[in-house]
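Take a look at the structure set out below.
No lab work stands behind these numbers, since they all come straight from the coordinates. These numbers come from a predicted model, not from an experiment. Cβ placement follows ideal geometry from the backbone for every residue including glycine, while neighbour counts extend to all protein chains displayed.
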Amino acid sequence: MNTYKPMLANSIETPFDAPDWIFEVKWDGIRAIAYVNEVLSLKSRNGKELINNFPELSELLNLTSNVVLDGEIIVMRDGRSDFQEVVHRNQLSNRLEIEKAQKITPAIYVIFDILEKDSISLIDEPLKKRLDILNRVVKQGKFTTISIPVHEHGIQYYETVIKRDFEGIIAKKLSSTYQPDSRSSDWLKIKRVKSCDCVIFGYTIGEGVRKDTFGALLLGLFDEGKPVYVGRVGTGFTDLELNQIKQKLDELIISKVWFTDADIPPGSTWVKPQLVAEVGYQEISRDLRLRAPRFLRLRDDKPAELCSIIQVKTQKLDEYYAKRDFTVTPEPTGGYTRGEGNSFVIQEHHSRLTHWDLRLERDGVYVSWAIPKGIPNDVNEKRLAIQTEDHPLEYGGFEGIIPKGQYGAGKVTIWDRGFYLPIKWSNDKIEIIFAGERLKKRYELILINKEKNEWLIFKKQT
Ligand code: MN
């Protein structure tokens, strides 16, 4: 048998209908190529053997023979695939634990392609033919299922899938070949856009056709009762909505200026914060701005004071997840620990370039910096600290070796940990007093280059 690396999909934003395409659920699990011979081997994208952690999937040996299959290992919970659970199962190493987990959270292998049959490669055959063969030569089992795609009608299927709280859909061209290890536009993933219920705090002046209504809505969320600016939305409105919203806003105008953030256009009008808009967006930036925002609808059913910043903070670990392959790295997946308050950890990290990672607990995650020369000990010696992606709180206890080829490969040990007292915490200046085992003094972090995420850290005279 040949070995194969999975074909990958490009991303697009909106679903579509097309006669030569099929549409499938985008499963949130571990991608795995199955080699079914006298024995069964299940390989992750990075070539890690997965069968030992998912022994129930060896039923495949009774359902087919002499094939190479492509699919996703998932664990279902509450009617949807639970990514954290499948990753947790993959990280178990104790035989008894694996046996127990297999009963409580059984895995399912969802098969969606066939790459080889009886030593003949099928990857140059069109997808349509491969699927015919797949359905002929593989039987369904208790832990094995064959994906049932929908033809042509991607838009309606996307709506159905999103309503059931799945992450999105994959579209595949029926005439396409299988292109191992490459990201192709013959396969497209269409992921759900996030949405957030924002309070309208004001609006900007409209121009041209919008001169009688408004340019954009100024949006905020509440952080423990205090309003925080999260950006403005100027697209997604119908003409009717523009007029209706403008009418409502006119009755709410006040003279109070809610926000003075530099990116708010001058001459904006402020209103009593009573209207709630559901806004779609792609992600939230570090300085709390909604990226690619789009107006979806007014929400008359939700009180403004319930629109909390928590809605967008659950997305904070996206970058952490995107950078790591949890089938390979021993780093924690996170999401289980409740915060203790103001904990910190400094990890010595022998990756390509040795550095020290400073992590300060804040709003349920570790805000993190890589410090190439480590924490300075002399008063006023300024050292570079590069802000990296937020880490889950479970990372506070992490020591181990991140394997070769992985993001941050190398040995990680804890240099110090404990608690800190925040004196000041703003977007560009943080002042704290460490109460660790080694570190006990007052330090300051100052943002010097926002694009490059560069800060300076130094010890203060006390
Ligand atoms: Mn590091």
Kirkwood hydrodynamic radius of the stretch 1-84, from inverse mean 1/r over distinct Cα pairs, in Å: 14.7
Ranked Lys189, Lys173, criterion: other C-beta atoms within 10 Å, fewest first: Lys189, Lys173
Size of electric dipole in the chain: Cβ of Lys, Arg +1 and of Asp, Glu -1, about Cα centre, debye, nearest 20: 820
Virtual spin-label span in nm between Glu224 and Asn449, 7 Å along Cα→Cβ: 3.4
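What size of dipole, in debye to the nearest 20, comes out for the stretch 219-375 about its Cα centre when the only charges are +1 on Lys and Arg C-beta atoms and -1 on Asp and Glu C-beta atoms?
On the way: 22 positive and 23 negative charges, 40 e Å.
Here the stretch 219-375 has a charge dipole of around 200 debye.
Listing Val193, Val257 from the residue with the fewest other Cβ atoms within 10 Å to the one with the most, what is the order? Let's see the in-between values first.
Values: Val193 16, Val257 11.
Least crowded to most crowded, the residues run Val257, Val193.
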Linear extension gain, Gln179 paired with Asn2, 0.36 nm per residue minus alpha-carbon span: 62.3 nm
Label-point separation in nm, Thr235 to Arg192, each point 7 Å along Cα→Cβ: 2.2
Rounded to the nearest 20 debye, dipole of the stretch 10-56 from Cβ charges on Lys, Arg, Asp, Glu: 300
Tilt relative to the chain, helix 239-250 - C-alpha long axis, 0 to 90 degrees, to 10: 30
For the stretch 320-424, alpha-carbon Rg over 2.2 N^0.38 Å: 1.06
For the stretch 1-64 and the stretch 202-279, distance of Cα centres in Å: 46
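Can you tell me how much longer the chain between Thr413 and Asn427 gets when fully stretched, taken as 0.36 nm per residue apart minus their C-alpha distance, in nm with one decimal? The partial results should precede the final answer.
On the way: separation 14, 0.36 × 14 = 5.04 nm, distance 2.89 nm.
Using 0.36 nm per residue and subtracting the Cα-Cα distance, I get 2.2 nm.
Can you give me the relative contact order of the stretch 8-191 as a percent, contacts being Cα pairs under 8 Å and 6 or more apart? Kindly include the intermediate steps, with their values, before the conclusion.
Details: 379 pairs, mean separation 64.9, N = 184.
In percent, rounded to a whole number, it is 35.
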Degrees separating the helix 154-163 axis from the principal Cα axis of the chain, which is the longest one: 70
Convex hull (Cα only) mean projected area of the chain, reported in nm² to one decimal: 26.0
Pair-distance profile P(r), taking every C-alpha pair of the stretch 133-196, with 10 angstrom steps and integer %: 16, 38, 39, 6, 1
Low-density loop cleavage sites - chymotrypsin sites (Phe, Trp or Tyr not before Pro) in the stretch 375-462, where at most 16 other Cβ are within 10 Å (DSSP): Tyr407
Separation of alpha-carbon centers, the stretch 285-303 and the stretch 128-175, rounded to whole Å: 32
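Given an 8 Å cut-off on Cα distances and at least 6 residues of separation, report the relative contact order of the chain as a percent. Show your work: numbers first, answer last.
Working: 1026 pairs, mean separation 52.8, N = 462.
Taking the mean separation of contacting Cα pairs over the length of the chain, I get 11 percent.
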Relative contact order computed over the stretch 194-312 (Cα-Cα under 8 Å; 6+ residues apart), in percent: 34
Residue exposure sequence - Ile205, Ile200 - by fewest surrounding Cβ within 10 Å: Ile205, Ile200
Rg over Rh [alpha-carbon atoms, Kirkwood Rh] for the stretch 194-312: 0.92
Per-bin percent of Cα-Cα distances, the stretch 8-191 [5 Å]: 1, 8, 16, 20, 20, 17, 11, 5, 1, 0
